Amino acid sequence: MCSSDLPTDAAPATRRRSEETRELIVAAATECLRHRRVRDLRVEEVMEAAGPGLSRTLFYRHFDDLVALVVDIASPAFDQLFGEDNVVKSSARTLDEALRASFGVIVSVFVQHGPMIRAAVDAATFSDVAERAVRSYFEKGFDLAARVLRDLGVSEPEETGRALVHMDVAYLIDTFGGEPRIPAEMAVDTLARIWGARCSVLATGD
């Protein structure tokens, strides 16, 4: 059959099936990563969890390997974590209000994508591709944190920002990288209080 003889809706239908398959693979991988570390996970396990009739071959039509899947899916989450929406807004009435708004965004990202973020950070320990991707996102986070701290009058904002970002990510991975340990609101409150206390002390020099 010549290509011109194909039904006009064949290509869109094929794309839809491909997108649906990709979504099933991503959902299955996310669920598997709630309970397994990426280093220990196999493509066969992901495809078995994705549904009957889905093979390794289908996986490799969408992703080069599990690390590629993790980096691809985690990248939008990192964009949200370290995006402009998380700048402490000067329009907020109080520092506490501004911090809670910012951490509300950050924690919601971890609630939704925590297993993938944890997997990306894990993969960075053994994959150069993942290490480069994660490092680039962390650098954006360090820059964002330094800018916020500088605006708040905190001394040595660059190093303080690096320390606080590392603390935030480690805490949130531990809390939401698998099954959530605590409610999201408690995590927001915890981080806002820590940042608020640190900023107050470091800004006054006490």
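The values are calculated or read from the model by the stated rules, or taken from the named source; none is laboratory data. Computed from a prediction, not measured in an experiment: that's the story for all the values here. Cβ coordinates were reconstructed from backbone atoms using ideal geometry, including for glycine residues, and neighbour counts include every protein chain displayed. Heads up: the accessible areas ignore ligands, DNA and RNA and are worked out on the full protein's heavy atoms, side chains in. Shrake-Rupley method; radii C 1.70, N 1.55, O 1.52, S 1.80 Å.
The residue that is surrounded by the fewest Cβ atoms within 10 Å (Cβ to Cβ), counting only those in the stretch 179-195 that are assigned to a helix (DSSP H, G or I) and among the aliphatic types (A, V, I, L, M), is Met186. Quick one: is Ala146 of a type in the set (Gly, Ala, Ser) and at pLDDT 95 or above? When the stated conditions are applied, Ala146 does not pass them. Quick check: is even one residue across the stretch 169-178 in a helix (DSSP H, G or I), under 24 Å from Arg42 (Cα atoms) and free of Cβ contacts under 8 Å to residues at least 12 places away in the same chain? The answer is yes, given that some residue of the stretch 169-178 is in a helix (DSSP H, G or I), under 24 Å from Arg42 (Cα atoms) and free of Cβ contacts under 8 Å to residues at least 12 places away in the same chain.
Among residues of the stretch 7-35 that are within 18 Å of Ser55 (Cα to Cα) and open to solvent by 70 Å² or more (accessible area, probe 1.4 Å), those with a beta-carbon under 6 Å from a residue that is at pLDDT 90 or above and in a helix (DSSP H, G or I) at least six positions away or on a different chain give the pairs Arg22/His62; Leu24/Ala50. When restricted to residues that are assigned to a helix (DSSP H, G or I), in contact (Cβ under 8 Å) with a residue 24 or more places away in the chain and surrounded by fewer than 16 Cβ atoms within 10 Å (Cβ to Cβ), the stretch 144-165 contains 2.
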